[in-house]
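Since the structure comes first, as structure tokens, the remarks are kept for the end.
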């Protein structure tokens with residue numbers, strides 16, 4: 001298993017952590033800003049890794065301690081060699097009112113990672129924009145849409161179900177303009 005140091009990048013750390021959890025029989029999915037960071041190749045920088053898991057906190061703590069992480073409070077974990085911290089928001093994995101069941105998986109020499117798909121990542125960021133008017137989350141959704149193939153029909157259907165047609169229309173107008181500028 002790879003050593004964690006101050007030079008460990010977010011994606012590599014996510015791979016190491018998810019691999020450790022998986023080895024200990026814990027299923028976890030990376031969500032939030034760290035997924036945005038991975039999908040945009042660090043155009044957006046996150047300093048926390050949000051994993052969602054149904055495993056008990058005691059099992060998560062035991063697994064992460066094998067990597068040198070210590071539980072700081074609640075479902076937060078810190079490591080003395082990195083500025084990144086890990087959080088385990090309460091399950092289930094969902095965007096708005098929509099539970100998610102299928103995810104993207106990455107396997108590299110550094111390990112294994114299960115995370116939101118690019119489309120789900122856009123929806124996750126849009127949920128923060130829709131419900132809390134978080135403009136940075138709107139920008140993050142657009143950045144992911146510029147970098148990856150997105151199922152815009154799924155995002156539109158979900159937006160309608162969330163009662164956010166007006167905000168979706170602003171997202172799609174801005175995203176289409178930005179994607180056009182990037183040549184995708």
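One table, with the values for the structure above:
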| quantity | calculated |
| --- | --- |
| Condition met for residue 119 (under 26 Å from residue 136 (Cα atoms) and either in the same structural domain as residue 151 (by TED's automatic domain parsing) or touching a helix residue (DSSP H, G or I) at 6+ places or on another chain (Cβ under 9 Å) (or both)) | yes |
| Filter pass, residue 17 being more than 17 Å from residue 77 (Cβ to Cβ), crowded, with 19+ Cβ neighbours inside 10 Å, touching a residue at least 40 places away in the same chain (Cβ under 8 Å) and in contact with a helix residue (DSSP H, G or I) (Cβ under 8 Å, 6 or more places away or on another chain) | no |
| Residue check, residue 138 within 15 Å of the chain's Cα centre (by Cα), touching a residue at least 40 places away in the same chain (Cβ under 8 Å) and farther than 28 Å from residue 22 by Cα | no |
| Scope region 43-67; condition within 16 Å of residue 33 (Cα to Cα) and touching a strand residue (DSSP E or B) at 6+ places or on another chain (Cβ under 9 Å); matching residues | 47, 48, 49, 50, 51, 52 |
| Only listed residue being within 14 Å of the chain's Cα centre (by Cα), surrounded by 15 or more Cβ atoms within 10 Å (Cβ to Cβ) and within 30 Å of residue 26 (Cβ to Cβ), chosen from 128, 78 | 128 |
| Tally, over region 138-164, of residues that are assigned to a loop (DSSP other than H, G, I, E, B) and buried (at least 17 other Cβ atoms within 10 Å of the Cβ) | 3 |
| The one condition in (1) without any contact (Cβ under 8 Å) to a residue 24 or more places away in the chain; (2) surrounded by fewer than 16 Cβ atoms within 10 Å (Cβ to Cβ); (3) farther than 22 Å from residue 140 by Cβ that residue 105 fails to fulfil | (3) |
| From 66, 114, 70, 167, residue being in contact with a helix residue (DSSP H, G or I) (Cβ under 9 Å, 6 or more places away or on another chain), loosely packed, with under 15 Cβ neighbours inside 10 Å and in contact (Cβ under 8 Å) with a residue 40 or more places away in the chain | 66 |
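The values are calculated or read from the model by the stated rules, or taken from the named source; none is laboratory data. This is a predicted model, so every value here is computed, not measured. Virtual Cβ from ideal backbone geometry, glycine too; neighbours counted across all protein chains shown.
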